[in-house]
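Everything below concerns the one structure shown next.
The values are calculated or read from the model by the stated rules, or taken from the named source; none is laboratory data. Since this is a predicted model, take the numbers as computed values, not measurements. Neighbour counts are summed over all protein chains in view; Cβ atoms, including those assigned to glycine, are modelled from backbone coordinates with ideal geometry.
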Amino acid sequence: MQLEVRVETWAYAQPFRITNFEFTHAEVVVVTLRDGDFVGRGEASGVYYLGETPESMAEQVQGVRAWVEHGADREDLRGRMPPGGARNALDAALWDLEAKRTGVPSWRTAGAPVPRPLRTTFTISAGPPAEMAKAALAYGDGAKAIKLKLTSEDPAGCVRAVRAARPDAWLGVDANQGLTRAALEAMLPGLAAANVSLIEQPLPVGEDAALDGLESPIPLAADESVRSLNDLAALAGRYDVVNIKLDKCGGLTEGLAMAAAARRLGLKVMVGCMSGTSLAMAPAFVLGQFCDLVDLDGPTFLARDRAPGAVYEHGDIWCPDALWGGAATVLQGRMR
């Protein structure tokens, strides 16, 4: 088996804002595993708020090159590499390669039923209320579920404006650690009046205990506060939903284990994404078959995407087997 790793840059169509950050492009690491005519690929953008960069992830991958090329499997990765983007890219490449070798698609190996299109949220970058309302209208019927990135800049006004623009849409908000408990409590009546269905990561990481005793009329989701399987137990009773992102947890293998464990703890499961192309969405799409909520709109912010790519239609996402995780096909006498 031969391992290749490269860094790619994919421009955004326009800048994207969240609390304390603005993004203009997606930098990703792509891992390719070759076994004769069989090729498996995986992509990751890493976790920016943990200091991961494409260069640091590529270095991590290079550090296990000999071990991987000697025949490491997905469970080996979980024991040898920490959660994060590097492991995610390798894990995805191993899933894809296994599908090519065996002729069994990754969704079947994961134990999913025949995949169905998934209703996904479409995210609105943080901005002034009128600007966010305009963005909500621009989605039209193509977005049935909308998630707002909120900052300290008139969050209540932003929610009201978007709800007025899209009274028909499922609505969630993401504070990206930008609130205090007092600020959250002050916002709850207005969010409930606007029929908001989810509040994602309201408090900074490490301050989850401040949610103890809070009776929120709206489900709370942990994002930055949950990285891997080891973090789940501490969240039960404080959050209602956990947002599993493959870049955080280190791949689909860990993500599937997390989803099962979250269910046992009485938590609902959401699958989300960092930035990236459709190649990064495809493994998460498999995990999404087991989830209550799906947030996989990352490629929609890019100026261009891979081909074939994920299909976004009628508010849903669909990832074809030809994108990732499908059986190999014969083209002009060669496997692909």
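Here are some notes:
- Test: residue in region 201-212 that is free of Cβ contacts under 8 Å to residues at least 40 places away in the same chain, surrounded by fewer than 19 Cβ atoms within 10 Å (Cβ to Cβ) and farther than 30 Å from Gly46 by Cα: yes
- Checked against the criterion of being in contact (Cβ under 8 Å) with a residue 40 or more places away in the chain, closer than 17 Å to Ala327 by Cβ, outside the structural domain of Asp223 (by TED's automatic domain parsing) and among the hydrophobic types (A, V, I, L, M, F, W, C), the candidates Ala58, Ala44, Ala110 yield just one match: Ala110.
- Qualifying residue in region 182-192 (condition: assigned to a loop (DSSP other than H, G, I, E, B) and either under 25 Å from the mean Cα position of the chain (by Cα) or not assigned by TED's automatic domain parsing to the domain that holds Ile244 (or both)): no
- Here Gly111 meets the list (1) surrounded by fewer than 21 Cβ atoms within 10 Å (Cβ to Cβ); (2) modelled with pLDDT of 95 or more; (3) closer than 17 Å to Glu200 by Cβ; (4) of a type outside the set (S, T, N, Q) almost entirely, failing just condition (3).
- Among (1) closer than 28 Å to Glu254 by Cα; (2) outside any strand (DSSP E or B); (3) not polar (S, T, N, Q) - the single one Val173 does not satisfy: (2)
- Filtered residue count, region 35-47, keeping only those that are part of a strand (DSSP E or B) and surrounded by 17 or more Cβ atoms within 10 Å (Cβ to Cβ): 7
- Wholly within region 48-101, helices (runs of 4 or more DSSP H) carrying at least 2 residues that are touching a strand residue (DSSP E or B) at 6+ places or on another chain (Cβ under 7 Å) and farther than 14 Å from Lys248 by Cα: 54-63, 65-69
- You will find that of Gly127, Gly79, the residue that is outside the structural domain of Gly178 (by TED's automatic domain parsing), at pLDDT below 95, more than 24 Å from Cys319 (Cα to Cα) and not acidic (Asp, Glu) is Gly79 and no other.
- Taken over region 168-223, residues that are under 30 Å from Asp141 (Cα atoms) and of a type in the set (Asp, Glu) amount to 4.
- Leu252 falls short on exactly one of the conditions (1) touching a residue at least 12 places away in the same chain (Cβ under 8 Å); (2) surrounded by fewer than 24 Cβ atoms within 10 Å (Cβ to Cβ), and that condition is (2).
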